[in-house]
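Peer 1: This is the structure, below, for whatever I ask next.
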Amino acid sequence: MKDLHFQTRSVPVALLLLCLLTFGLLTPWLGFYWDDWPSIWYLHLFGPGGYPDVYAIDRPLLGRLFMLTTPIFGEHTFSWQLFGLAARWFTSLAMWWTLRQIWPQRPRMAVVAALLFLIYPGFQQQFIAVTYSHVFLLLTFFLLSLGLMAAAFRQGDVPERSFSWPRYLLSIALASVTIFTVEYFFGLEFLRPVLLWLVLRDREPDRSRRLRAALAAWLPYLAVLGVFLVWRLFIQETARGRVQLHEFFDSGFLPGLLEFGRMAAADVFQAALQAWALIWPGYWLQGTSTAFKILAILAALAALGLTGLYFWFLRSGDQPGTSARRPWAWEAMGLGTLSLFLGGIPFWVTRLPIELYFPWDRFTLAFMFGASLLLAGLLELVLRSRRALTAVLAVITALAVGFHVNLANRYRMDWNIQKDFFWQMTWRMPGLDPQTTLLSAELPFAYFSDNSLTAPLNWTYAPENNSREMPYLFYTIDARLGIRLEDLKKDLDIYQPYRATSFSGSTSQALLVYYFPPACFKVVDPRTDARIPQKPRFMGEALELSNLDVIQTQADPPARPPESIVGSEPEHNWCYYYQKADLARQMQDWQQVAALGDQAIDSPGIDPPVVGHELTPFIEGYAHTGRWDQAYELTLRANRLTGRMVRHLCTTWDRIADETPADEERDRYLEKVNQELGCEF
């Protein structure tokens, strides 16, 4: 072990291994989330050439970037997850290289900051791979732009070659591409004069001349910023009016300034300090299965050992305890703090919230540079030996790895829920009339929205459509009511622009659905479901909007989710039989309902239902086919299974009484139900 050492050239490999351990263990089991679905649906709809139109309304250059990447990775979840890993790794490499250009005398601490940058826990959307692989590429470009700028002005061994025009021009080009493609890193552009000041101090010790030189070198970047602001505020139509800085000062300049400062300080504290509190095991060990707790703990232990080993034997020429140690720590902390306040500018002037939960944690991307640099400087300042620094860094890395592995498992579970959702939907609804709106509330997905679910809905029910008119729309009532969904009344128009496509429909052609796993997907029928207990919010008020006539019960071929993405049809479980029985009940095919009940109820290998109302189609099916004893036993079972079921079950039997011919056996069971539940027929 005395002869073991790692040279600086090993850093890219070390960061790659850490990236794979942190984010890659569950890659084969992850899917598409949030904005990934629309992005890939547009590829399916229009091909790579359609992306300029898709992003023309707000980020036209982003469409060009998608044109380059989508032909490579296609419609495959696994390839996009791998690309997301690679993009995260590229960004950490860019961070490491850039810091080496700014502080060439502190190579070890450049590795420390790059490691902290890689494992930063405030950003929790790594696995939304289609969307954020591109954002990380752009962050890589931005960091490389900073590094190239520093390298262009860094004093070299040969004085006459101490400035590089190619690096300088490439830096300006990368900065331009980044800022015009995505606006997240706009505020960090104001960091450049400070970096130039630091870089030029070896060449120009006179502060006055150094300041003039730094500002002169910054002028081209400032010109790019000016052009961007003019374009974003006055030319790019959808951006007009988004800046809401003036709202802070409606009640006066001083109160507005204090409010703005309070918000900025709170967001910086959250992104820089609270974010690291997320790695505490008491947080990420909750709410997951024992198997995945063990996986996260093993990954954390592996990270602990490997990080400690690597940094102990890293020979970078930068040892804690040198005379440059404290000045560097203060510089890093100061630059990190400034970066944090500059990084928030794009979000504060538009009054976008910055939080540590989905979806608002995406804005912490602009804080990653400052947060990692601030923590690296703090560790360097406080820890006085290489042993202490190595130990603390290993512990932080281990806890962060466990956090991210557990987070990946949450995404895995969300993907499984989403796949079940769409398979059950197609089992229950083989087809849908065009211009149908699905209305729901309180979706079970953590990393989706109704906006993102509209894309796979259209892909499932109109896979051959290549029109810009979408035939289907998914709305959650709680998100849209009073905005795009004017009211919960019939005959109201619904219009929804969807980037390069749009939807036109009506509340008279809507269908209510909801999904509370482990319960099954539910299509709400106003005739039978008015008194189901534990319905989600707004379902009662919107009940009459649910029009089951939009379901094409005999669609040929029946709809199927895109199997190249969600996988093959799962094994038929209880929810399959329930969906098919509910469909058969809608068609009043009582023999089919009863036959499905015979296959599913109490059958070995099929888990029983978890909510009582899923037994009501079978209660009706058995009653309509004269199997009264089974209908009665299922009624008692449904009442035991779920609380407050009496009104729903009484309504069910009241309907049975109206729809079945009178005979002695029927009347006897009606009386038994009446006595058991207190119904009155």
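The values are calculated or read from the model by the stated rules, or taken from the named source; none is laboratory data. This one's a predicted model, so the numbers in the text were calculated from it and none came from an experiment. Positions of Cβ are backbone-derived with ideal geometry, glycine not excepted, and every protein chain shown enters the neighbour counts.
Peer 1: Answer yes if at least one residue in the stretch 316-325 is modelled with pLDDT of 85 or more and over 21 Å from residue 125 (Cα atoms), and no otherwise.
Peer 2: no
Peer 1: Oh, and also: Looking only at residues in the stretch 260-309 that are of a type in the set (Ser, Thr, Tyr) and assigned to a loop (DSSP other than H, G, I, E, B), which one is surrounded by the most Cβ atoms within 10 Å (Cβ to Cβ)?
Peer 2: Only one residue fits best here, namely 288.
Peer 1: Residues 430, 444: which one is surrounded by fewer than 23 Cβ atoms within 10 Å (Cβ to Cβ), at pLDDT 95 or above and at negative phi?
Peer 2: From the options 430, 444, the qualifying one is 430.
Peer 1: A further question on this structure: Among what's in the stretch 449-483 and is within 20 Å of the chain's Cα centre (by Cα) and polar (S, T, N, Q), pick the residue that is surrounded by the fewest Cβ atoms within 10 Å (Cβ to Cβ).
Peer 2: Here the residue is 449.
Peer 1: In addition: Which fully enclosed helices (runs of 4 or more DSSP H) of the stretch 1-119 have 2 or more residues being touching a Phe, Trp or Tyr at 6+ places or on another chain (Cβ under 6 Å), small (Gly, Ala, Ser) and within 27 Å of residue 565 (Cα to Cα)?
Peer 2: 77-102
Yes/no matrix, rows are residues, columns are (1) aliphatic (A, V, I, L, M); (2) on the phi < 0 side of the Ramachandran plot; (3) without any contact (Cβ under 8 Å) to a residue 60 or more places away in the chain; (4) out of contact with any Asp or Glu (no Cβ under 9 Å at 6 or more places or on another chain):
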{"position": "173", "(1), (2), (3), (4)": "yes, yes, yes, yes"}
{"position": "181", "(1), (2), (3), (4)": "no, yes, no, yes"}
{"position": "184", "(1), (2), (3), (4)": "no, yes, no, yes"}
{"position": "188", "(1), (2), (3), (4)": "yes, yes, no, yes"}
{"position": "201", "(1), (2), (3), (4)": "no, yes, yes, yes"}
{"position": "209", "(1), (2), (3), (4)": "no, yes, yes, yes"}
{"position": "217", "(1), (2), (3), (4)": "yes, yes, no, yes"}
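Peer 1: Follow-up question, since we're still on this one. Specify which of the listed residues (265, 303, 275) is of a type in the set (Gly, Ala, Ser), assigned by TED's automatic domain parsing to the domain that holds residue 98 and touching a helix residue (DSSP H, G or I) at 6+ places or on another chain (Cβ under 6 Å).
Peer 2: 303
Peer 1: Can I ask one more? When you look at residue 242, is it part of a helix (DSSP H, G or I), out of contact with any Asp or Glu (no Cβ under 6 Å at 6 or more places or on another chain) and basic (Lys, Arg), yes or no?
Peer 2: Criteria not met by residue 242.
Peer 1: Can you tell me which residue within the stretch 148-168, out of those that are over 22 Å from residue 93 (Cβ atoms) and part of a helix (DSSP H, G or I), is modelled with the highest pLDDT?
Peer 2: 165
Peer 1: Say we look at the stretch 326-348 and pick out the residues that are in contact with a helix residue (DSSP H, G or I) (Cβ under 8 Å, 6 or more places away or on another chain) and at pLDDT below 90; which of these is surrounded by the most Cβ atoms within 10 Å (Cβ to Cβ)?
Peer 2: Only one residue fits best here, namely 328.
Peer 1: Which of the following residues is hydroxyl-bearing (Ser, Thr, Tyr), assigned to a helix (DSSP H, G or I), crowded, with 20+ Cβ neighbours inside 10 Å and free of Cβ contacts under 8 Å to residues at least 40 places away in the same chain: 577, 632?
Peer 2: 577
Peer 1: Of the conditions (1) aliphatic (A, V, I, L, M); (2) more than 23 Å from the chain's Cα centre (by Cα); (3) surrounded by 23 or more Cβ atoms within 10 Å (Cβ to Cβ); (4) modelled with pLDDT under 95, residue 374 satisfies every one except a single condition; which number is it?
Peer 2: Every condition holds for residue 374 apart from (4).
Peer 1: Now a separate question. Does at least one position in the stretch 200-217 carry a residue that is within 29 Å of the chain's Cα centre (by Cα), among the polar types (S, T, N, Q) and either modelled with pLDDT under 95 or assigned to a helix (DSSP H, G or I) (or both)?
Peer 2: no
Peer 1: May I ask you to say which residue of 501, 460 is more than 20 Å from residue 431 (Cβ to Cβ) and among the β-branched types (Val, Ile, Thr)?
Peer 2: 501
Peer 1: Now for a different question. Please find, among 582, 658, 654, 667, the residue that is farther than 18 Å from residue 530 by Cα and either in a helix (DSSP H, G or I) or at pLDDT below 95 (or both).
Peer 2: Exactly one residue qualifies, and that residue is 667.
Peer 1: Turning to a different aspect of this structure: Looking at the stretch 212-242, which of its residues are touching a helix residue (DSSP H, G or I) at 6+ places or on another chain (Cβ under 7 Å) and either more than 17 Å from residue 350 (Cβ to Cβ) or not assigned by TED's automatic domain parsing to the domain that holds residue 176 (or both)?
Peer 2: 214, 215, 217, 218, 220, 221, 224
Peer 1: Could you count how many residues in the stretch 596-606 are surrounded by fewer than 17 Cβ atoms within 10 Å (Cβ to Cβ) and either closer than 23 Å to residue 644 by Cα or small (Gly, Ala, Ser) (or both)?
Peer 2: Number of matching residues: 2.
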